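Notes for the one structure printed next.
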Amino acid sequence: MSARRVIAAVAVATVASLLAVNAARADGPAISTPGSPTVVVNQPHQLTLSWAPSTWIGDPAAEQPINYEVQVPLGPNTYRWLGTTTDTTITLTDLAPGTTYRIAVAARALGGYSDSSPATTVRTASGRATVNYLNLDWAPTNNQIQHLLRVTNTGTGPLDLTTVRVRYHLRFEGGNTSLVPNCDWATLGCDRIRQTVQFFIPPGAPSTMSTPAPPYPPPGTPVPGWVELTFTSGTLAPGASTGPIQLRHHRHSWSDIDERDDPSWLPATGQWTENGRITLDVDGVREFGDTNA
């Protein structure tokens, strides 16, 4: 066989091999699943994690550098991205203290990917304050939202309540943003508590000369928002709490409210719980809660 035919045969074989590798990778992961992340350092606003590395499956000649994506699984094939690295360790910052996260790792590279690792559940170290929650409403589709909240100083110094901002996150069904917030009773006095309602209607479709903009939001579309609670005075010593604050909200029309899709809602159990879906900031810094955890 001539040298030219040998070279041609080798080239054809190489292309066929690459096509076979790519076809195999198209059918499934080409990189092994990384290990579940383990906690190395746990601090109020950050976590340092490490995990066992991934390796290429199949032809080692096709290896490319592997990147790791650290993610929060939110649902089937849905993730919140937290960070990426080429190492098998990472320090995540800007996390909420005292909040539970489910964290997984996936490997990605040019020409290959892995399945996500099993998720690790970790609670970040406590920050300067936490929020306890007691749902008083055993019927989440009636005409009122009723619960108790309690703020506790988990820091090492005095906590000025005027620097504290608590947000109970909810969704207004069908774009009905009518809501009347009430404080029925509080250990420190309802006169020292202020509540405001905030909502965020996304922009609608633009109109043209020939086509007017459709009504927005469309019927049935929930509008995200929150009830914000602040304090006019007060200081908590380390370990002290505000005591119970009994809150009740209703629409102007007293129509029914479905609480089950509200990010901060938890089913009634008759027990106090640290509800990480309620957020608390001190001086504008998140100290508790993350609705995307």
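Just so it is clear, none of the values below were taken in a lab; they were calculated from the coordinates. Note that the structure is predicted; figures quoted are calculated from it, not measured. In this analysis, Cβ positions are derived from the backbone assuming ideal geometry, glycine residues included, and neighbour counts consider all displayed protein chains.
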Legend entry - Order of V70, V40 - criterion: other Cβ atoms within 10 Å of each residue's Cβ, fewest first: V40, V70
Legend entry - Protection proxy ranking of 161-170, 230-239 - average other beta-carbon atoms within 10 Å, highest first: 161-170, 230-239
Inset, instruction - Work out the charge dipole of segment 27-123 with +1 on the Cβ of Lys and Arg and -1 on the Cβ of Asp and Glu about the Cα centre, then indicate which of T33, T93, I57 is farthest towards its positive end. - result: T93
Inset, instruction - Would you mind checking which residues have amide H under 5 Å from Q43's amide H? H placed 1.01 Å from N; only 5 or more apart, or other chain. - result: T48, A125
Legend entry - Neighbour-count order for T273, T152, T33, fewest beta carbons within 10 angstrom listed first: T273, T33, T152
Legend entry - Dipole moment magnitude, nearest 20 debye, segment 27-123 about Cα centre, only Lys, Arg, Asp, Glu C-beta charged: 420
Legend entry - Relative packing of peptides 83-93, 46-56, 246-256 - highest average C-beta neighbours within 10 Å first: 46-56, 246-256, 83-93
